[in-house]
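Please read the structure below before turning to the comments.
The values are calculated or read from the model by the stated rules, or taken from the named source; none is laboratory data. For clarity, every value in this text was computed on a predicted model and none was experimentally measured. Counting neighbours? That spans all protein chains shown, and the Cβs are built from the backbone with ideal geometry, glycine included. Side chains are part of the model used for accessible areas, which takes the heavy atoms of the whole protein and leaves out ligands, DNA and RNA. Shrake-Rupley method; radii C 1.70, N 1.55, O 1.52, S 1.80 Å.
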Amino acid sequence: MDETFLDMLDRNADHAAAFDDRFDELQHGQQPDAVTVCCSDSRVLQDHIWGNDEPGHLFSCGNIGNRVVQRTDAGPRVSGDVLYPLAHTDTDLAVVLGHTGCGAVTATYDHLTDGVSEPAGIEHCIDLLAPGLEPGVETLPDGLENDEAVNRLVEYNVDRQVEFLLDSDDVDGSVQVVGAVYDFQDVYDGRRGEVHVINVDGETDPECLRDRHPAIDSRVDRLWTY
């Protein structure tokens, strides 16, 4: 047996000991306060980012590129894992969280500029991101280093995912949709590991966001206005 998995089981034993009585009210249902859509990058600790260790509080979704879109026979639709808590558990907050240096955004950028060859499953994910990112790639200023371009497109991608949720008939208009970026590369001003809010319900102008939401004033930031 792989030693890594044995270590994982040991850690789970500690978890089970600590959580023994914490599912008493949740064994037969859930009403999470928020659904979060994060990138499935190993550096993005989806619940730990928010200091969350409470079962039932967050409905955490993860995929490469923090996408809310899936393909269906009816065309692009909000992904079922994101939509489920919004449609069935009275959850009224959706948070789309990108991160600096995103590999999925990098791969999509490379695909749109130079072309890439990836296994079919990864190509499928890139193909879901590419239509939203292509206008952003065309809008990038000339002369940017690759990492600068990627981090601007990280914001652009978050905005497109927020926009898709807001435009979907499947998402109730009462749901607040927040877009943010998790920074562990010292790209934004602030500490490593901080979340920077770039979009609330489609508003992306930092000054407007600060005026409308003074409680998050210190966390509002943006690299790129396009």
- prompt: Pick from segment 189-205 the residues that are open to solvent by less than 20 Å² (accessible area, probe 1.4 Å) and touching a residue at least 40 places away in the same chain (Cβ under 8 Å): which of them is nearest to residue 164 (Cα to Cα)?
  reply: 199
- prompt: Of the residues that make up segment 154-162, is at least one touching a helix residue (DSSP H, G or I) at 6+ places or on another chain (Cβ under 8 Å), farther than 19 Å from residue 188 by Cα, in a helix (DSSP H, G or I) and not hydrophobic (A, V, I, L, M, F, W, C)?
  reply: yes
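Any idea how many residues of segment 145-162 are open to solvent by 30 Å² or more (accessible area, probe 1.4 Å) and either modelled with pLDDT under 95 or farther than 10 Å from residue 224 by Cβ (or both)?
Counting residues in segment 145-162 that are open to solvent by 30 Å² or more (accessible area, probe 1.4 Å) and either modelled with pLDDT under 95 or farther than 10 Å from residue 224 by Cβ (or both) gives 4.
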- prompt: Which one of these does residue 91 not meet: (1) at pLDDT 95 or above; (2) within 25 Å of residue 184 (Cβ to Cβ); (3) not in a strand (DSSP E or B)?
  reply: (2)
- line: Of the residues in segment 206-226 that are within 20 Å of residue 151 (Cβ to Cβ) and in contact with a helix residue (DSSP H, G or I) (Cβ under 6 Å, 6 or more places away or on another chain), the one that is most open to solvent (accessible area, probe 1.4 Å) is 226
query: Any residue in segment 204-213 that is over 18 Å from the mean Cα position of the chain (by Cα) and part of a loop (DSSP other than H, G, I, E, B)?
result: yes
message: All but one of (1) open to solvent by 10 Å² or more (accessible area, probe 1.4 Å); (2) over 23 Å from residue 219 (Cβ atoms); (3) over 19 Å from the mean Cα position of the chain (by Cα) hold for residue 104; state the number of the condition that does not hold.
response: (3)
- request: Examine segment 111-134 for a residue that is in contact with a His (Cβ under 7 Å, 6 or more places away or on another chain), of a type in the set (A, V, I, L, M) and surrounded by fewer than 19 Cβ atoms within 10 Å (Cβ to Cβ), and state whether such a residue exists.
  value: yes
query: What do you reckon, is residue 138 of a type in the set (D, E, K, R) and surrounded by 11 or more Cβ atoms within 10 Å (Cβ to Cβ)?
result: no
